[in-house]
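What follows draws every value from the coordinates through simple rules; no lab data is involved. Because the structure is predicted, anything quoted here is derived from the model rather than measured. Here Cβ is always computed from backbone atoms with ideal geometry, including for glycine, and neighbour counts include all displayed protein chains.
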Amino acid sequence: MLKAPDHQVAGHQALDGHLGPLVDDSGCFYKPLQNDERGSKEVAFYEKFISLTGIPSRIRRFFPIFHGTKNLEASDGTGMHPHLILEDVVFGCMKPCITDIKIGSRTWYPGASEDYFQKCISKDGNSTSVSLGFRVSGLQVYGSKESDFWKPNKKIVKSFTPEDVRLVLRRFVSSDVVPGIDKDVTPDCSLASRVYGGSSGVLAQLSELKEWFEDQTMFHFNSCSVLILYEKDLALRGKSGGAEVKLVDFAHVVDGNGVIDHNFLGGLCSLKKFISDILTDTNKPLSEACLPEMDTSADGL
Ligand SMILES: Nc1ncnc2c1ncn2[C@@H]1O[C@H](COP(=O)(O)OP(=O)(O)OP(=O)(O)O)[C@@H](O)[C@H]1O
Ligand SMILES: O=P(O)(O)O[C@@H]1[C@H](O)[C@H](O)[C@@H](OP(=O)(O)O)[C@H](OP(=O)(O)O)[C@H]1O
């Protein structure tokens with residue numbers, strides 16, 4: 001039985017008669033091919049990627065497993081439509097905390113139409129992409145109580161300033177979540193070392209990915225996202241929470257032509273620095289930690 005995903009945080013959604021991804025109960029995520037060349041470009045990327053023999057498994061694990069394509073009844077009611085069959089990276093999670101972070105200070109790609117280029121330039125400049133080299137595209141965070149949950153809407157996410165991003169990445173690893181706009185609550189970051197730290201935590205995974213990006217010149221991952229996810233209840237119980245970093249959205253990947261993807265690499269370095277600052281701060285007494293200034297102008301924070 002196919003249904004809209006319970007834990008999607010960004011992108012096109014299969015709600016209210018729109019075309020969006022579906023999931024089944026055996027761990028597959030079906031992403032509809034977008035009707036323009038984006039869909040076929042994403043399929044071409046996955047096909048090429050799985051055919052390459054030189055990519056080590058420590059890097060492959062960052063990519064959802066690809067099982068080909070299939071015609072399925074589209075979520076918008078328009079009939080059969082081709083879908084990518086991907087591994088559902090949150091399959092089996094009960095309370096996954098997830099954030100989708102679009103990497104790169106620019107999201108346009110060489111050869112894009114003037115309209116697309118202008119759209120990207122505007123979105124990049126009006127978000128943290130240009131200033132930070134990445135932007136948060138969406139997130140959901142659970143708290144320690146059953147009812148605690150925060151999934152800010154698109155409008156709020158789009159208004160995030162660099163300081164908001166600092167705060168959000170701290171809230172993401174705090175035991176309690178304050179939904180909405182309570183600006184007086186300082187995130188406790190009590191799960192930071194379990195989720196972001198350690199030999200298999202988010203920072204270590206980002207470092208592994210960065211090392212690959214310092215060398216790989218096959219692809220340029222324009223407008224691609226890093227998903228960071230972990231299971232809240234496990235982390236609250238003192239475990240790592242199975243923290244994982246995944247890459248998604250390859251509709252604008254182009255040939256690297258023997259040049260490193262400095263746009264992606266720069267964004268990754270910047271994200272790593274944000275995460276490592278949180279880890280450094282959580283190892284300091286609170287009085288010495290560089291907590292972000294609360295931005296009282298941003299609705300929803
Ligand atoms: N393989 C996957 N398993 C589980 N969830 C996924 C997977 N791929 C994507 N998602 C979820 O779907 C969201 C959107 O994914 P993606 O960026 O691929 O879609 P899109 O519609 O192309 O987005 P955009 O509008 O940014 O181009 C992600 O933020 C994530 O929540
Ligand atoms: O940031 P938002 O508001 O969620 O906007 C979407 C986001 O920029 C996507 O990256 C983009 O898809 P592409 O990157 O594939 O162009 C999509 O374009 P679309 O609306 O034309 O599908 C936008 O709607």
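Structure summary
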item	result
Fewest-first sequence of Arg171, Arg237, Arg194 by Cβ atoms within 10 Å of each Cβ	Arg237, Arg194, Arg171
C-alpha center-to-center spacing [the stretch 75-100, the stretch 24-73] in angstrom	12 Å
Crossing angle, helix 262-282 versus the chain [Cα axis fit, 0-90 degrees, rounded to tens]	30 degrees
Per-q log10 I(q)/I(0), the chain, q = 0.06, 0.09, 0.10, 0.12 Å⁻¹ (Debye; single scatterer per alpha-carbon; no solvent)	-0.19, -0.44, -0.54, -0.80
Most mobile of Ile85, Ile50, Ile98 in a GNM of the chain (Cα contacts under 10 Å)	Ile50
Rounded tilt (10° steps) of 162-171 against the dominant C-alpha axis of the chain	80 degrees
Nearest-ten-degree value, helix 202-213 long axis tilted from longest Cα axis of the chain	40 degrees
Per-selection Kirkwood Rh - the stretch 184-228 (Cα, Å, 1 d.p.)	12.7 Å
Mean separation of Cα contacts under 8 Å (6+ apart) over length of the stretch 96-299, as relative contact order %	27 percent
Of Gly138, Gly11, Gly77, the one that fluctuates the most in a GNM where the chain has Cα springs shorter than 10 Å	Gly77
